[in-house]
There are 2 protein chains.
Amino acid sequence: MTVKNPLVVPELRELIAAGDAQALQAFCKTGHPAVVAEMISALPGTEAWEVLRHADFPLRSDIFSHMDEDLQIEIIGSLRRMEVARLLADMPPDDRADLFKELPDEMQESVLPALAQAEREDIRRLTAYEEGTAGAVMTSDYVTLPPHLTASQAIDHLRKVAPDKETIYYGYVVDEKRKLQGFVSLKDLIVARRESKVGDIMHPEVIFARVEEDQEDAARKIQKYDLLALPVINGGDTLVGIITHDDALDIITQEQTEDMEKLMAIAGSHEAGVYMKTSAWAHLKNRSPWIVMLACLSMVSGFIVQSHEGMLLQFAILASFMPMLADTGGNTGSQAAALIIRALALKEISTRDILRVLAKEFQVGLGLSLMLALVAFGRVMFFGEASTMPESYSLVSIAVAISAALGLQVVSATLIGVFLPMFAALLKKDPAVVASPALTTMVDITGLLIYFTTIKLMLGI
Amino acid sequence: MTVKNPLVVPELRELIAAGDAQALQAFCKTGHPAVVAEMISALPGTEAWEVLRHADFPLRSDIFSHMDEDLQIEIIGSLRRMEVARLLADMPPDDRADLFKELPDEMQESVLPALAQAEREDIRRLTAYEEGTAGAVMTSDYVTLPPHLTASQAIDHLRKVAPDKETIYYGYVVDEKRKLQGFVSLKDLIVARRESKVGDIMHPEVIFARVEEDQEDAARKIQKYDLLALPVINGGDTLVGIITHDDALDIITQEQTEDMEKLMAIAGSHEAGVYMKTSAWAHLKNRSPWIVMLACLSMVSGFIVQSHEGMLLQFAILASFMPMLADTGGNTGSQAAALIIRALALKEISTRDILRVLAKEFQVGLGLSLMLALVAFGRVMFFGEASTMPESYSLVSIAVAISAALGLQVVSATLIGVFLPMFAALLKKDPAVVASPALTTMVDITGLLIYFTTIKLMLGI
């Protein structure tokens, strides 16, 4: 939505300058509303509106709902109340509610009275749920069918409501209290005999989400059961909305961006985040808290090194293995953590599997540690001579001690990489909070402790 | 699909032992095929088949297509040729082709002759495209409509083919050479007057993918344009398949797992990868190449330290800042890289934006570097006294030198974090190859060079 096409800008400006209403109206019909929105978005707000206002309804609202939120708010800010009300009236209810939430308070207050009663209540209902829940992403634009209709009556009904509904491919069967009884697809209705009753054709076992359910869980249901839409019910089992397949794609993309940002310890509102639109200052605010905290934490590593200065002055070669110790520990730990976080997110494993996962990762860690110990051993034997060390210690004994320490560090880093996200999940926290930078810094501390202790013990310093 | 439900296993075993065909048949109808498949999958292959074989067709194939590939192959291996042919005949063509590709050669050869001609050719066509392209994920299960049909004739046609087609909600309008002319949705047909011609109702501007297009780009089109399905055409503009909305969800999930694994430098086939099903040995094989390579690369860091041993022996405090140098460099670089990789993947930025992105990240890096330099300065001033250093240097001059070096490292690490994925994208490589571990190790090397050089120059050693 943000890749701009600046090529049409001069043409559009000419049309606006010439006041060529017919050409502008035609332009708005040239392609998919998402494409038109993208092209219009290359213009500043006032000019964008000069194009958009020539589109007929409901196309105008459709194009508008595909624009970036910033531009939407800018346009709304420049319009008269009745124009805003008209524009919002034809927007998909979920997009409308999302936009409404982002409007400044005074704009909300000025727009609300201009809206029809039904729309006001719809906005109120849809904005009532907490961010990140199924309730907050659902739309109220769905079709219900009473069970006593015949298939052909149901099709007639769908035909009638089609222009106003986002999808007519699923009809939800509800009783007089709007409790969800089942659903039929338009395919079922078309294939059924004309006089069959909806109540007889319907699938009574409906996959659904509850309003308070996590939006990602709801999206994963759509994915798992290959649904076009997922009904959302409230505490009283009443149908209150649906989540559509295209929202599921957006939710999963958003959650993935969040996971990756958490993994890299980037704070802040993970929703907004279009890279280029975020100012350097906002980026700094999002990224600095963790970075500074971790830098302070890595001072602990510094103190560990400082308290072993005597050893370092004696065996200068130990200093030259510190980067390898930090890198391999951080790398093996982050790899393990990334795999575990992803497997937890996709529900491939659960916290009950912790022992089996630890057992598996112990083997992987052991394998890695043997390989890396060998690398370190070779390194000391070949290039160690040049370093300062007391004559009373043989090169081999130092090489053995360093490789053993490195091997231990790799195993422990791998296990920490498994344990931390699992532990976060046990505490019902998002496992991705165990960000890779945090893990790297922590594994650095444990690594240096392991390193100096192992070498002290093995060399008997 | 892999969260097992062991609760039903005893019940199922009883039914199998009692040979209760009716109850087993009923069990297979109890829920969504994906749920039934999940419950059956808790059984070993032979028992799973003992349940599944009681399901009627096409439900049997439907449940089967929701099972894990390993179990599918195990079951197929135990069946007679004709049973396999029957099972495959009713599978969704894309799932069937995917499974077929994974069968051992001798099984492929034994099954092929038992299939009908049309299915053989379908499999051959669908397996012909390279992994990761739109052609490799498309299905051949779509509806075409000639333009001269009336709306009501088209609906009749859809009704007739409905049982065999994955989706009847989109009909693709093709000419006699199967060139794509447009599409109509079932909604369009239902809303249109009965005698309108398909050619007049259809949308002539179709969003499509080409067979050789990247599967993620195709999935993103489905997301951007809120489509139920995306037609796929070949070099001659002939319609050869469609990608459905549920495949788009799977593609985006798979690509995300791949990106995260690449970011953590995990090699190997990124598709298979269910964590628990992958043996420790396979995990080791996927993860060790990069880890070992990076460990060798981090020996370069070791050599840099070793060649500055003299300086370290003189100023022991320098060693205690090496962990902080490595951590902050790695963290800031990885953060920047993760943001850039994600923004590139979501097409929020392109390689043409490199200068603007570098400018923005330079500001962010500068901000971070000022904060961290301050932390380092405080650290030296408060705790530096305890360290060995020549009396001819004041603590302040050392603190200034160390913080300057650290600040430079942060800015350079941030810029490297931007530059490397952008550079990979310029070379048409996946930006995620600039894995976080690789970046961390590289930034370590540049960091140590910056560190020792800056301090040498500032202190005039």
Q | All positions within region B:319-329 that are more than 9 Å from every other protein chain (Cβ to nearest Cβ) and farther than 15 Å from B:THR454 by Cβ | A | none
Q. In region B:190-207, what residues are touching a strand residue (DSSP E or B) at 6+ places or on another chain (Cβ under 7 Å), open to solvent by 70 Å² or more (accessible area, probe 1.4 Å) and not in a strand (DSSP E or B)?
A. B:ARG194, B:GLU195, B:PRO204
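On the given criteria, is B:ALA55 in contact with a Cys (Cβ under 6 Å, 6 or more places away or on another chain) and touching a residue at least 12 places away in the same chain (Cβ under 8 Å)? Don't jump to the end; show me each part of the working.
Numbers: in contact with a Cys (Cβ under 6 Å, 6 or more places away or on another chain): yes; touching a residue at least 12 places away in the same chain (Cβ under 8 Å): yes.
Against the criterion (in contact with a Cys (Cβ under 6 Å, 6 or more places away or on another chain) and touching a residue at least 12 places away in the same chain (Cβ under 8 Å)), B:ALA55 qualifies.
So which residues in region A:231-252 are surrounded by fewer than 19 Cβ atoms within 10 Å (Cβ to Cβ) and part of a helix (DSSP H, G or I), if there are any at all? Show your work before the answer.
Of the residues in region A:231-252, the ones surrounded by fewer than 19 Cβ atoms within 10 Å (Cβ to Cβ) are A:234-238, A:250.
Matches in region A:231-252: A:ASP250 only.
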Q) Do we find that A:THR332 is in contact (Cβ under 8 Å) with a residue 40 or more places away in the chain, of a type in the set (Ser, Thr, Tyr) and surrounded by fewer than 19 Cβ atoms within 10 Å (Cβ to Cβ) in this structure? A) no
Q: Hey, could you check region A:335-345 for residues that are within 7 Å of chain B (Cβ to nearest Cβ) and of a type in the set (A, V, I, L, M, F, W, C) and say which is surrounded by the fewest Cβ atoms within 10 Å (Cβ to Cβ)?
A: A:ALA343
Q: Scan region B:212-230 residue by residue and report those that are away from every other protein chain (no Cβ under 12 Å) and surrounded by fewer than 20 Cβ atoms within 10 Å (Cβ to Cβ).
A: B:GLU212, B:GLU213, B:ASP214, B:ASP217
Q. Do we have B:LYS177 as modelled with pLDDT under 95, touching a strand residue (DSSP E or B) at 6+ places or on another chain (Cβ under 9 Å) and not hydroxyl-bearing (Ser, Thr, Tyr) here?
A. yes
Q) Does B:GLU309 fit the bill of being charged (D, E, K, R) and either closer than 16 Å to B:SER387 by Cβ or at the interface with another protein chain (Cβ under 7 Å from one of its Cβ atoms) (or both)? A) yes
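For region B:57-70, give me the residue count where each residue is of a type outside the set (Gly, Ala, Ser) and modelled with pLDDT of 90 or more.
Kept after step one, since they are of a type outside the set (Gly, Ala, Ser), are these residues of region B:57-70: B:57-60, B:62-64, B:66-70.
Narrowing further to those that are modelled with pLDDT of 90 or more: B:59-60, B:62-64, B:66-67.
The total comes to 7.
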Q.
I need the full set of residues from region A:272-298 which are in contact (Cβ under 8 Å) with a residue 12 or more places away in the chain and in a helix (DSSP H, G or I), in order please.
A. A:MET276, A:LYS277, A:ALA282, A:LYS285, A:ASN286, A:ARG287, A:PRO289, A:TRP290, A:ILE291, A:LEU294, A:LEU297, A:SER298
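Before we move on, is A:HIS66 touching a residue at least 40 places away in the same chain (Cβ under 8 Å) and open to solvent by less than 60 Å² (accessible area, probe 1.4 Å)?
yes
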**Q.** B:ILE233, sole failed condition from (1) touching a residue at least 24 places away in the same chain (Cβ under 8 Å); (2) at positive phi
**A.** (2)
Q.
From the list B:ALA282, B:ALA316, exactly one residue is more than 9 Å from chain A (Cβ to nearest Cβ), hydrophobic (A, V, I, L, M, F, W, C) and surrounded by fewer than 23 Cβ atoms within 10 Å (Cβ to Cβ). Which is it?
A. B:ALA282
Q | Residue match in region B:85-103 (condition: surrounded by fewer than 16 Cβ atoms within 10 Å (Cβ to Cβ), in a helix (DSSP H, G or I), within 31 Å of the chain's Cα centre (by Cα) and not assigned by TED's automatic domain parsing to the domain that holds B:GLY241) | A | yes
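I'd like to check which strands (runs of 3 or more DSSP E) are fully inside region A:113-189 and have at least 2 residues that are among the hydrophobic types (A, V, I, L, M, F, W, C), more than 18 Å from A:HIS245 (Cα to Cα) and open to solvent by less than 30 Å² (accessible area, probe 1.4 Å).
Values: elements: A:143-145, A:170-174, A:180-185.
Result: A:170-174.
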Q | Residue tally, condition assigned to a helix (DSSP H, G or I) and either over 34 Å from the mean Cα position of the chain (by Cα) or hydrophobic (A, V, I, L, M, F, W, C) (or both), over region A:333-368 | A | 18
Q. In the list B:LEU12, B:LEU79, which residue meets the criterion of being part of a helix (DSSP H, G or I) and without any contact (Cβ under 8 Å) to a residue 40 or more places away in the chain?
A. B:LEU12
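Please verify whether B:GLY367 is at the interface with another protein chain (Cβ under 8 Å from one of its Cβ atoms), open to solvent by less than 40 Å² (accessible area, probe 1.4 Å) and without any contact (Cβ under 8 Å) to a residue 12 or more places away in the chain, treating the condition exactly as stated. Break it down into steps so the answer makes sense when it comes.
Details: at the interface with another protein chain (Cβ under 8 Å from one of its Cβ atoms): yes; open to solvent by less than 40 Å² (accessible area, probe 1.4 Å): yes; without any contact (Cβ under 8 Å) to a residue 12 or more places away in the chain: yes.
The answer is yes for B:GLY367.
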Q: May I ask you to say which residue of B:PHE419, B:PHE423, B:PHE382 is more than 41 Å from the chain's Cα centre (by Cα) and either open to solvent by 60 Å² or more (accessible area, probe 1.4 Å) or of a type in the set (Asp, Glu) (or both)?
A: B:PHE382
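Please go through region B:430-459 and pick out each residue that is β-branched (Val, Ile, Thr) and either surrounded by fewer than 24 Cβ atoms within 10 Å (Cβ to Cβ) or more than 10 Å from B:ALA326 (Cα to Cα) (or both).
Taking region B:430-459 as the starting set, the residues that turn out to be β-branched (Val, Ile, Thr) are B:433-434, B:440-441, B:443, B:445-446, B:450, B:453-455.
Correct list: B:VAL433, B:VAL434, B:ILE445, B:THR446, B:ILE450, B:THR453, B:THR454, B:ILE455.
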Q: Give just the number: which of (1) open to solvent by 10 Å² or more (accessible area, probe 1.4 Å); (2) at the interface with chain A (Cβ under 9 Å from one of its Cβ atoms); (3) not β-branched (Val, Ile, Thr) does B:SER394 not satisfy?
A: (2)
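The values are calculated or read from the model by the stated rules, or taken from the named source; none is laboratory data. All values reported here derive from a predicted model rather than from experimental measurement. Don't worry about glycine lacking a Cβ; one is built from the backbone with ideal geometry, like all the others, and counts go over all protein chains shown. Note: accessible area is taken over every heavy atom of the protein model, side chains too, but ligands, DNA and RNA are not part of it. Shrake-Rupley method; radii C 1.70, N 1.55, O 1.52, S 1.80 Å.
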